[in-house]
Structures are given as C-alpha cells and as structure tokens.
Amino acid sequence: MKKPERVLLAGGRVVDPGNRRVRIWDVLIQDGRIAKVGKQLRATGAQRIDCRGKHIAPGFIDMHCHLREPGQEDAETIATGTKAALAGGFTKVCPMPNTDPPIDSEALVRFELARAKEAGFARVYPIGSCTKARAGKELAEIGSMKQAGAVAVSDDGSWVDDPQVMRRVLEYCKAFDLPVISHCELTGFPYGVANEGLVSTRLGLAAGPDVSESAAAARDILLAEFTHARLHIAHVSCAATVSLIRWAKARGVQVTAETCPHYFTLTDAALETFDTNFKVNPPLRTDKDRQAVIDGLADGTIDAIATDHAPHTKSAKEVEFDIAPAGFIGFETAFSLGYEQLVLAKKLSLADYVSRMTTAPARILGLPMPCLQPGADADLVILDLKARWTWTRDQVFSRSQNSPFFGRQLHGRVIGGFLGHKQFWFLHPA
Ligand code: DOR
C-alpha cells in the first residue's frame, strides 16, 4: 500500500479567522487533510517545512472574479485564471457568468467545473446568471444550475433593470437558498465610465454619478426585504451604498456585501494618468468614498473582500479611455493591498482581515467553513508578512497584464500553500 503522504508545517503563526486568533503552532497534513495542529508535533517520516516567521491561513475564497472561458480565451482561461488565483492565495474562486455564451444553464456550469478539474489549480464554484443570456428578461435555469454546482446567481456586468424580473429571481432563489448577487448600476446613466465629480470634469471624461450604484442598491435591498430573500451587493464602491447596507442590516434585511481592494486603495485621482488600466466598473471614487468603504469593512457592514479580477487583452485596453473595457486583474495583488490598507493601517486585525476573504464568503455562499482544524481539507496559504516586493509584469500568471499596480511597492506576500494533496510554491520559505 502507498505510504500516506505527511507534511509538517513547523512553527508558523496559524491564523484562525473563525475564532479571531493567531497562534504559533505546527500543522500536520496527511493525505490532503489537516491531521493535527498543536505545539511541537512529532511526525516521524513527514516532510518538514520550517514556517518560523511565516503565517499560515486557510486558503482565500474569491467570491467574484472573471475567468473569461468560454468565449474570451485570448484574455484568460479557467486554467490560467485559476493558476493566477493560487498565486494570490485563493484556493477557491467563483467566476461570474458574463462569459460568451453566458453561464445560464446546467450544461455550462458543468463545463466550467470540468475545465477547472482538468486544470487542477484553484477550486472553482461557478456563479450562474439570473436571467437567460443575462438579458434581464426571463429567468435562467436557476434550479438545475444549483444542482450542477452553482453557488449563487448574478447578471454581473449589468443590473437586472426590470423590478418584476428581479422580484421573481429573488423569490425563486429563496426556494433554493441561493444568494442573488446584484451588480448595482442604474440603467440610463453613462455606463461603466469614470466617477462623476471634480476629477472627471477636469479631465473631460465621460462620467456616471455614484447615485447610479446607491439607488440600484436601495431598490434591491427593498426587494430583498419584501421577498425575504438573500441579496448580496457586489463591488461596493461608494459611501451612500455603505450607509444603505448598514441601515438594511439593522432592519434585519438578509443583505450581505463585498468590496474590492481597489475601492479601499485608490481614488479617481489615479485617472489623471489617463491609463485605461485604472478604468473599472464601478469606477474609482473619491477619498470620502474610500474611507467609507474601509469603515464599512471595519464594522462588518461589508462582509467580504473579492477581487473582481477582470482580465482584458492589451489591444482591448490600448484605446481611448471612454471606449476601453472596464476592469483589471486582481488575484495576485489582492492580499498585499488589503494587508497594507487595512491591517498595517490598523483598521482590521489580521484575523479579521483574513475572515473577510475566507469565512465571510464561505458563509454567504454555503461553502465548507475555512479552518485549520483536524479533518478539514488542507487548503491553506503561507504568508510572509515581512516581505516588501514590487509587482512587475514578469511575475504575472494571468493571461492578461492589465494591472494598475505594476511598479507599486507591496507589503506582505503569499509565498505558497496547499490545495489538498498538492503543494504550490511561488517563493520557497527556506
Ligand atoms: O470593471 C468591471 N469589469 N466591472 C464589471 O462589473 C465587469 C468586469 C468585466 O467583466 O470586465
């Protein structure tokens, strides 16, 4: 019989987001699962990895990303995207359904799962669309997509404009206990451009106001209250949306929310460069909004951090600002940006920060609770929080290179980890 594989991670600081603790412990991995955790474990014959000075956390979950397959494989594939995800510490990712064709059927959910299995990098939990072809008219095959493995539905990239359709989506998903993820952006305002304000006026950029997001969020929150269904607000970018979610939670509405590293790191001042790699939807907003997003994360109004990893090819982005597609790659820089803006800035403890990328998305999506307890899958990341590094093009695993963060000094780094039986290293700890 094959000898069971055993690996001992020795002397690392183990981050337990569920119990908000960090302890110096050994972690013994056997056959792709956590076998033991504790002080000075003895494990004869096990591979020993010295983790002194490093942190060990459950693998991150990205509940909002774009892997572009099927249809836009020139920008990303499930294989290249999930490899980039692992490089960022994400062992589980949830691709949005705005592919070509959109993921609106059981067969397409199964296709994504099969491609992910073939690739063997991060685990994939598909998000199906709310409506057929994401057209906002007829409900997609929600029940059969859930049976096939979809963990939520969303027409991300567009808002479900028709209130009667959104009401039906919420009611239907309630029966399946699925969260409905809303991309809040009123139809009618200029779409997917810069934030309307001083910067857009000075630069002469086409712009949309933040009320486009907050008014859409307000309608969906009220519909969630009316239907008693579960609503999740995607990529929160402005102060008014944070206040509305806070208000809704206090009323007992079943609403959760996510934001992305760029909304707590950057403001629209970055657009002064006219670099289309800063164009994203919703757009970068003001410093007041940035601070409100941080406050929302700190008090739990915003539950989770997701990347909105949005690969686009070089040729697609090398056009004028107004016509460039919105979005940028985000897996590989997410942890470091949050570590810098939230933990080093003393807004969140390390364990609370990690919870926003592990236990919070797991709770929202009904995934197994990420933890480093005996019996759990050995999905974990090893972090060097002392690392200072600069993000450069030659380090990118994604098929696209549309990042606004090249050349930026980053703090804290994912150096490797485990995905069940597999070890992955981007920098070996030794
Ligand atoms: O910037 C964005 N890019 N926002 C979205 O909602 C969609 C995404 C994409 O698919 O490129």
- Query: Bin by bin, in steps of 10 Å, what percent of the Cα pairs in the stretch 251-356 do you find, going until the bin that has the longest distance?
  - Reply: 14, 44, 30, 11, 1
- Query: What order do you get for 130-138, 67-75 when each peptide is scored by the mean count of other beta carbon atoms within 10 Å, highest first?
  - Reply: 67-75, 130-138
- Express in whole angstrom the spacing between the alpha-carbon centres of the stretch 7-55 and the stretch 75-90. 26 Å
- P(r) weight above 15 Å for the stretch 1-55, C-alpha pairs, percent: 47 percent
- Query: Quick one, what does Rg over Rh come out to for the stretch 125-271 if you take C-alpha atoms and the Kirkwood Rh?
  - Reply: 0.99
- Under 16 Å by backbone N from the virtual spin label 7 Å along Cα-to-Cβ at residue 144, the residues of the stretch 78-109 are 102-109
- Would you calculate the separation in nanometres between label points at residue 243 and residue 73, each defined as 7 Å from the Cα along the Cα-to-beta-carbon direction? 4.9 nm
- Item | Rounded, prolate or oblate (a/c below 1.5 giving rounded, otherwise prolate when a/b exceeds b/c) for the stretch 59-177 by Cα gyration tensor | prolate
- Query: Once you charge only the Cβ atoms, +1 for Lys and Arg and -1 for Asp and Glu, what is the size of the charge dipole of the stretch 1-125 about its Cα centre, to the nearest 20 debye?
  - Reply: 1300 debye
- Message: Let me check I have the definition right: for the chain, take the eigenvalues of the Cα gyration tensor, multiply each by 5, take square roots. What are those semi-axes in whole Å, largest first?
- Response: 34, 24, 21
- Tell me the GluC sites (Glu not before Pro) within the stretch 213-294 that lie in a loop according to DSSP and have at most 13 other beta-carbon atoms within 10 Å. none
- Return, ordered by residue number, the residues of the stretch 202-236 whose backbone nitrogen is under 11 Å from a label point located 7 Å along Cα→Cβ of residue 251. 218-227
- Work the Kirkwood hydrodynamic radius out for the stretch 185-338: mean of 1/r over every pair of different alpha-carbon atoms, inverted, in Å. 15.8 Å
- Query: Size of the dipole of the stretch 233-313 about the Cα centre, Lys and Arg at +1 and Asp and Glu at -1 on the beta carbon, nothing else charged, in debye to 20?
  - Reply: 300 debye
- Would you mind working out the magnitude of the charge dipole of the chain relative to its Cα centre, with +1 at each Lys and Arg C-beta and -1 at each Asp and Glu C-beta, to the nearest 20 Debye? 2140 debye
- Computed [θ] at 222 nm, helices only, for the chain once each DSSP H run of length n ≥ 4 contributes -39500 (n - 2.57): -8000 deg cm²/dmol
- Task: Please sort by residue number the trypsin sites (Lys or Arg not before Pro) in the stretch 332-430 whose DSSP state is loop and whose Cβ has at most 14 other Cβ atoms within 10 Å.
- Result: 346
- Under Karplus coefficients 6.51, -1.76 and 1.60, residue-wise ³J(HN,Hα) of the stretch 102-115 in Hz, glycine/proline x: x, 7, 10, 9, 4, 4, 6, 4, 5, 4, 4, 5, 5, 5
- Message: Just want the answer: with Cβ charges of +1 for Lys and Arg and -1 for Asp and Glu, which residue in 43, 19, 60 is farthest toward the dipole's positive end in the stretch 17-61?
- Response: 19
- Reduced to Cα centres, the span from the stretch 174-249 to the stretch 351-430 in Å works out to 28 Å
- Task: Would you please give the residues with an amide H less than 5 Å from that of residue 64, counting only those at least 5 places away or on a separate chain, with H modeled from the backbone geometry?
- Result: 94, 307, 308
- Of 372, 312, 391, farthest towards positive along the dipole that unit charges on Lys, Arg, Asp, Glu beta carbons give the stretch 298-414: 391
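As an exercise, identify the trypsin sites (Lys or Arg not before Pro) in the stretch 1-62 lying in DSSP coil whose Cβ has no more than 12 other Cβ atoms within 10 Å.
Those that pass, being in a loop and sparsely packed, are 2, 39, 42, 52.
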- Query: Near the amide H of residue 233, under 5 Å away, which other amide H atoms are found, from residues 5 or more places off or on another chain, if H is placed in the peptide plane?
  - Reply: 182, 256, 257, 258
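Every read-out reported here was derived from the displayed coordinates using simple, explicitly stated rules and does not represent laboratory data. Keep in mind that this is a model prediction, so the values were computed, not measured. Neighbour counts run over all protein chains shown; Cβ positions are idealised from the backbone, glycine included.
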